[in-house]
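Engineer: Sending over a structure as structure tokens; questions will come in a sec.
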Amino acid sequence: MNLKETLRSFSTMTLHERQAVMKDKGEWLLQEMLTHIGSTDAELRDHLIYRTFVDLLSDNLLGTQQLQLLFETATSEEFLYVHIGEAPTDSVFTRSFSALLVAGLLAKDAEMLVLKDDELQPFFKKIGRYLLLEQDTRGYVKDKGWAHSISHGADLAAMTIKHPKFDLQYAPSILHALKLVTWKGTVYINDEEERLINIVDALLQQNYSEEALIEFVEQAFDKFEMHLMTQGYNESFFSGRTCTLNFMKTLYFSLKMNNKALKLQNTIYGHVAKWLKLGD
């Protein structure tokens with residue numbers, strides 16, 4: 001049967017009808033959805049496959065083994081990390097939509113706790129790799145729809161931190177990636193900062209040390225001085241500076257509006273004011 005037609009009809013079914021489909025041909029459907037998770041057809045990838053995964057999770061239509069299989073597959077080198085770090089190509093869609101699927105699986109597992117430790121812990125240990133290595137910063141791609149790998153990576157990192165089995169000892173690798181995500185030779189234009197600050201918010205929710213977050217901010221601004229000393233005022237400096245300042249301003253106002261982490265707020269304010277003044 002045609003995957004598109006199956007998914008279109010699935011979206012209009014009652015819960016009982018969906019249960020019957022999953023019982024009858026669930027394995028085939030999941031395999032086909034995984035195979036085409038990175039399709040360049042925006043309707044199939046975004047509107048049908050991703051939304052069906054969301055429906056399957058929210059309707060509790062996936063068994064423990066299916067959840068484990070999806071997690072194991074989507075976090076593998078052939079999905080979440082496939083060709084990561086290369087120049088912009090269509091492989092970004094596989095990485096980016098695998099990231100969204102994994103975030104959904106982790107949200108579901110936070111309720112159910114069925115994913116195995118020997119799969120979760122290696123993933124937690126290397127979660128920082130995704131934002132660190134991803135070089136394809138495109139948002140909307142003409143004729144192919146949203147790539148949005150940085151935003152989806154931010155969603156995944158934030159959801160990972162919120163998982164009850166996540167150990168805060170892995171937080172520094174995420175913060176290291178977050179510090180460098182604004183130095184990818186581009187200035188984000190699709191509200192990526194709004195998604196990236198959710199990582200800091202998730203850490204604060206887990207009572208992560210405010211002092212450690214202040215250190216993260218200090219290091220992010222130290223990179224300005226380091227770049228000027230080693231490379232001077234080049235194009236990379238200006239995009240990195242603008243992108244970092246945009247991120248920090250977004251974070252500052254979020255903290256201020258939610259009345260969180262006063263010392264962190266003050267640190268960000270001081271650095272942003274200094275660099276905006278220098279930019280005059």
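Matching residues to (1) closer than 22 Å to Leu132 by Cα; (2) at pLDDT below 95:
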{"site": "Val217", "(1), (2)": "yes, no"}
{"site": "Met229", "(1), (2)": "no, yes"}
{"site": "Leu245", "(1), (2)": "yes, no"}
{"site": "Thr250", "(1), (2)": "yes, no"}
{"site": "Ser254", "(1), (2)": "no, no"}
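Engineer: Please enumerate the residues belonging to the range 58-82 that are β-branched (Val, Ile, Thr) and either without any contact (Cβ under 8 Å) to a residue 12 or more places away in the chain or under 14 Å from Ser98 (Cα atoms) (or both).
Structural biologist: Looking only at the range 58-82, we keep the residues that are β-branched (Val, Ile, Thr), and these are 64, 73, 75, 82.
Thr73, Thr75, Val82, listed by residue number.
Engineer: Does Leu133 satisfy the condition of being free of Cβ contacts under 8 Å to residues at least 60 places away in the same chain, open to solvent by 60 Å² or more (accessible area, probe 1.4 Å) and closer than 17 Å to Ser96 by Cα?
Structural biologist: yes
Engineer: Would you pick out the residues in the range 163-200 that are surrounded by fewer than 17 Cβ atoms within 10 Å (Cβ to Cβ), part of a helix (DSSP H, G or I) and of a type in the set (D, E, K, R)?
Structural biologist: The answer is Glu194, and nothing else.
Engineer: State whether the residues of the range 56-71 include one that is within 21 Å of Leu156 (Cα to Cα), aliphatic (A, V, I, L, M) and outside any helix (DSSP H, G or I).
Structural biologist: There is at least one residue in the range 56-71 that is within 21 Å of Leu156 (Cα to Cα), aliphatic (A, V, I, L, M) and outside any helix (DSSP H, G or I).
Engineer: Still on this structure, please answer the following. Take the conditions among the small types (Gly, Ala, Ser) and closer than 25 Å to Pro88 by Cα and apply them to Ser209. Does it pass?
Structural biologist: So Ser209 does not fit the description; no.
Engineer: What pairs come out if I take residues in the range 239-262 that are under 17 Å from Asn207 (Cα atoms) and part of a loop (DSSP other than H, G, I, E, B) and pair them with residues that are open to solvent by 30 Å² or more (accessible area, probe 1.4 Å) and among the charged types (D, E, K, R) whose C-beta lies under 6 Å away, six or more apart or interchain?
Structural biologist: Correct list of pairs: Ala261/Glu210.
The values are calculated or read from the model by the stated rules, or taken from the named source; none is laboratory data. It should be emphasised that the depicted structure is a prediction, and the values quoted were computed from it without experimental measurement. Backbone-built Cβ (ideal geometry, glycine too); neighbour counts: all protein chains shown. Surface accessibility is based on the protein's heavy atoms, side chains included, excluding ligands, DNA and RNA. Shrake-Rupley method; radii C 1.70, N 1.55, O 1.52, S 1.80 Å.
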